[in-house]
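Here the structure is laid out as structure tokens; the discussion comes afterwards.
Read the figures in this text as sums done on the coordinates, not as results from a lab. This structure is a prediction, so every number in the text was calculated from the model and none was measured. Here the Cβ positions follow ideal geometry from the backbone for every residue, glycine too, while neighbour counts run over all protein chains shown.
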């Protein structure tokens, strides 16, 4: 499998849903596989909150593969011997695409909190622009989970003739207050952290120690990505023995898990990007800009596959079923799969074996 | 209904589960109703994490009644014309009982982080001591929800002959990692707040502004007290209009709710007490000190009533059913009620009408 990482720079303006304009801007992206002669084998992959363009493969010297490496590759469900797969970093993120710490042209200073509000609609508009620049005007499929699923669905609604198929996992038609509340923890924790300085920090300030506010917010995030059962099975009430021989003085393993994952994360992810992306998730609502959710969903022409996970405690299966029922009522082409998993929301990243056969089948049809 | 608030001071040592000793210590408590001549009409009420001894009635000049005022009073389910009701503030809390900001005798300086780890077992041991001092050696009933339910169950296990009845609501047999993870947000947010100063703050430091860390932790707490459905019904995706006419620039109502509740709370509650009490909740495990959960529960001789709420996302009904099934198998006297409520964990405080008839019936039997 051939892996390439590129940056595409745009000097044309990106007109945002907020009424503001991003100009210039850039998108980081990776491609896997080869584009065929009539550009008819393209699959777009959309990432979740903390993701990047690095969806598959392993870079030289790196130990960890891309976040959907189990799904994308030669002979895998998203088969790079057949398809040309594009994965982009969303606008607003901190892994190569234009975000709040990018220079606010013509100044060479970062936007910081002057960066405009970004929505899921804006993310996909930018992606569509990238594809146009690459000479790609039609897709075989758009696939994504969580915020990536929001992008896939929004593509289906906003650009009904753009993709043959849409596969959305572990997502919703509009972010519910339960998910907004989890994001609120991160928002408050980052905003109130004195080292955040209202966004006036320097790029390297958190490389060594991480921003506490982001780590704290991420603990709440990790709760929502797991499920009560997955935590009970994974951690139980076990405590870390070397912290003290007696339960009362030790940390629980679930606490250590949270510390480990969040402290690392807070060194790697830009806290302002985090604020902008959770805002994009909060404001996600397929019906915005249309008369109703019904009218929005009625626009979808792509063959749609919805995959939810029984134990998802962030975007509940019920929310995906809501889309399914609406599309069925409209006789739109849709199928719905509810996967039996204890892994909670994280299942779309870690239980690939349980749904890759569905993606394979849908793509081969 | 006659309301009295008192402080009982103990000069005898309280031997704690950790091996440490609290001496001297004091307990704040309220009583409602009148003790009968043979002291056979006493009901003990146990509060939850953020509660106090003020369970019922309204103080002069106060607008808000005690936290279970709907349940306790003349002619109410816990009828103060019949029963002498005692409600105590737990050891470790900040509403009159000895806690981490109390003086570390003989010094007049606060314990701060030198305060010993407190457990649910310790809380009830102190309560039992208070009752002894008052000449009460047997109870009609012990009633509590959430952490109050833990105390009620622990009473049943540790002192099997002490109370005729036990009524535990919205609680568990041992705190699961899901709940520990929610507490972890508060623990990290408080600990990492620079104004917390590792516990070396002064008592009045947060009266005006509140401690951010506690407010942030409390946002996570409030998520766990509600449920996805209650949030959707209560807030939907509504946003606060006066923040901006357009969704992208406003706050959601769920966010305003979180801000309002948590900012206030962080001015009123001592952050160190919060740390000690969530530790007590985390370490709660009925089986500790016994050979197994089975052996612990087998000890219960009180007629036990377990009440859970279908939408409780903190202590799931399944956990209460686990106790019920075990007691049934042992032919112990137990009944289980699963209340249909959308209010989540908060239901034990706000949906009193849905379960007060059960408590009334149990007490009258």
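Taken along the Cα-to-beta-carbon direction at a fixed 7 Å, the label points for residue A:35 and residue B:9 span 8.4 nm.
Fewest-first ordering of B:345, B:138, A:222 by other beta carbons within 10 Å of each residue's beta carbon gives B:138, A:222, B:345.
Which one of B:81, B:98, B:171 has the biggest mean-square fluctuation once chain B is modelled by GNM with Cα springs under 10 Å? Top of the fluctuation ranking is B:81. Taking the square roots of 5 times each eigenvalue of the Cα gyration tensor of the protein assembly as shown, largest first, gives ellipsoid semi-axes of 52, 27, 23 Å. Cβ crowding within 10 Å, taken as a proxy for footprinting-reagent exposure, orders A:192, B:233 from fewest neighbours to most as B:233, A:192.
With the simple spin-label model, which puts each label point 7 Å out from Cα in the Cβ direction, the residue B:133 to residue B:330 separation comes to 3.2 nm.
Quick one: A:164, B:74, fewest Cβ neighbours within 10 Å first, how do they rank?
Ranking A:164, B:74 by Cβ neighbours within 10 Å, fewest first, gives B:74, A:164.
Mean partner shielding of peptide A:189-195, defined as the number of other chain Cβ atoms within 10 Å of each residue Cβ, is 5. Taking chain B as a Gaussian network of alpha-carbon nodes connected by springs under 10 Å, the highest mean-square fluctuation of the residues B:325, B:165, B:279 belongs to B:325. GNM remark for chain B: springs join alpha carbons under 10 Å apart, and the peak mean-square fluctuation among B:169, B:314, B:131 falls on B:131. Helix content alone sets the calculated 222 nm mean residue ellipticity of chain B: runs of n ≥ 4 DSSP H residues at -39500 (n - 2.57) each, divided across all residues, give -10000 deg cm²/dmol.
For segment A:54-204, what is the convex hull (Cα atoms) projected area averaged across all directions, in square nanometres?
Details: hull surface 46.6 nm².
The directionally averaged projection comes out at 11.7 nm².
Here each label is just a point 7 Å from Cα along the line to Cβ, and for residue B:340 and residue B:203 those points are 5.0 nm apart. Shape index of segment B:179-280: Rg/Rh, with Rg the Cα radius of gyration and Rh the Kirkwood radius from the inverse mean 1/r over Cα pairs, equals 1.04. Note on B:170-181: average number of Cβ atoms from other chains within 10 Å of each residue's Cβ is 6. For chain A, what proportion of DSSP beta bridges, expressed in % and rounded to the nearest 5, is antiparallel? Once the DSSP bridges in chain A are tallied, antiparallel ones form about 40 percent.
Note on A:276-289: average number of Cβ atoms from other chains within 10 Å of each residue's Cβ is 2. I need the Debye-formula profile for chain B: one equal scatterer per C-alpha, no solvent, reported as log10 I(q)/I(0) at q = 0.09, 0.12 1/Å, two decimals. Results for chain B at q = 0.09, 0.12 Å⁻¹ read -0.50, -0.90.
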